[in-house]
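Novice: Below is one structure. I have some questions about it.
Taken together, the values in this text are just the output of simple stated rules run on the coordinates, not laboratory data. Small disclaimer: the values here were computed from a predicted structure and weren't measured. FYI the Cβ positions are ideal-geometry reconstructions off the backbone, even for glycines, and counts take in every protein chain you see.
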Amino acid sequence: MSEDRFDELLRRMARDYNAPPETPREELWAAISAARTAPRTASRTDRRAWPWWLSGLAATLVLGITIGRFAAREAGAPAGGAPDGPVLEQAAIRTASEPRLPPAGQPSADAPAVSAPERGQGSGAPLGGHRVPLRVGPRYPAEIPAPPQRLARADSRPAPRAAGESPDARASAEDTAANPVYTLVATQTLAQGEALLTAFRAARRPDELDPQISAWAREVLLATSLLLDSPAGEEPVLRGLLEDLELVLLQIAQLSGSPADSAERAWINETLRRRDMLPRLRTAVPAGLMAGI
Amino acid sequence: MLARLAHPAPGLDERLLIQRVLGGDERAARELYDAHVDRIYRLAYRLTGDDELARDCTQDTFIRAFQYLAEFRGASAFSTWLHSIAVSVCLNALRSVRRLRRRRADLAEADQVPSPDVRRLDPDLRERLHAAIDRLPDLYRVVFVMHDLEGYTHEEIGAVLGVPTGTSKARLSRARDRLRQALERFAGEWAV
């Protein structure tokens, strides 16, 4: 067969290669508009890559500060009384072995919190060796419909501090703005979340899902939860994004990889779309950062 | 066939439109989006072969374009700039997902090697061609998709990819060569 004839046949037969459907203009525009109106959490000056050891250091700092803040908060609660001994030790013991109780004066039953999907695992249940904290505040924008009512209340940890609730919260938010470490860690966590969700979306069938994705989700989930409890979680927009990410990560972390997961996967995909998760994450993560992950 | 990067919508003054977008005019942003979204989505779909991924890439392309619109100097056509972002976003997204797909694709491919007798009767030559296109290196596949499937000219492809026109032609030629090699054992069926 001559080259010209082959090329012509090639073009003809390749015409329906990945033939695109009609452009979903309105859906795409809605997602783009939503992402554009969300303020960026990181400026372009953060785009330069940082050395890996700085990321580790930043994560350690967040962990330490978070534990310290929890310990200080719980030590200050009059109901339980101040714990004896070093504050960090007390916090570490509590984190590892006890369900958290709300400090006196803080409502727990009225504070909405997300639990695991109603499959038997409640909030704070051990998940792959980690105790996963969960919470949700009034965070969904009115124009984005909430997911089906699969969320249950959990009373195992205190409700999140509302933005502006106390001078302490405001001070924490100011800490965040002033502290580039939080921004750094938040950006890295969001970038990892974006990579994970992209990988999740790419698997069309349960058997295409990487078995390690649940373990990966647990790691990112832990970092997300820590960030939410750090001063970084006081920034309202970032908090909303982190909370949405936390919810989705929890669901992915619980996937077993079996065909029985298909309903769960469909629901996760629906959540991703309704919350505009990927566009929001991509808006929050400075361009070029993914290359370093 | 689509294409024509420089003039997506006759009469549309893009420079003015961009100024209005930069001034915060949402209607102008929508106009700009409307003028380009079809071609960007089509290209994203052709390159990714997945609706969700194509949507993500299209969204990401426009989000980034609006985000960095102030940096667009007008040295090239806006649509050339936008297509450059789109190709980059699509290839980055594909890199992320390929790691997951590769192992399974290799297994599936190993399972699908047919016996010679079956080959003659294989009704899915088209699928084999599509698989061969999938296996092309991105360097060649992008040019093949843009030129042979979406109708972009070599000049346009060169501008989008930042390579000389001759390079675009050479890549297309290599892409076709590879497809020919991949399918030459089915040459008899092609001739039918």
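Novice: Describe numerically, in nm with one decimal, the distance between label points set 7 Å from Cα along Cα→Cβ at A:Q212 and at B:A131.
Specialist: Going by the 7 Å Cα→Cβ label model, 2.7 nm.
Novice: Can you work out the FRET efficiency for the pair B:L91 and A:L9, with r the C-beta to C-beta distance and R0 = 41 Å, to the nearest 0.05? Could the numbers behind the result be given before it?
Specialist: On the way: r = 28 Å, r/R0 = 0.68.
After rounding, the FRET efficiency stands at 0.90.
Novice: Taking 0.36 nm per intervening residue step and subtracting the Cα-Cα distance, what contour gain separates B:E52 from B:K169 on full extension?
Specialist: Values: separation 117, 0.36 × 117 = 42.12 nm, distance 3.09 nm.
That works out to 39.0 nm of additional length.
Novice: For segment A:212-255, calculate the relative contact order in percent as a whole number, restricting contacts to Cα pairs under 8 Å that are 6 or more residues apart.
Specialist: Details: 33 pairs, mean separation 25.3, N = 44.
Across segment A:212-255, relative contact order equals 57 percent.
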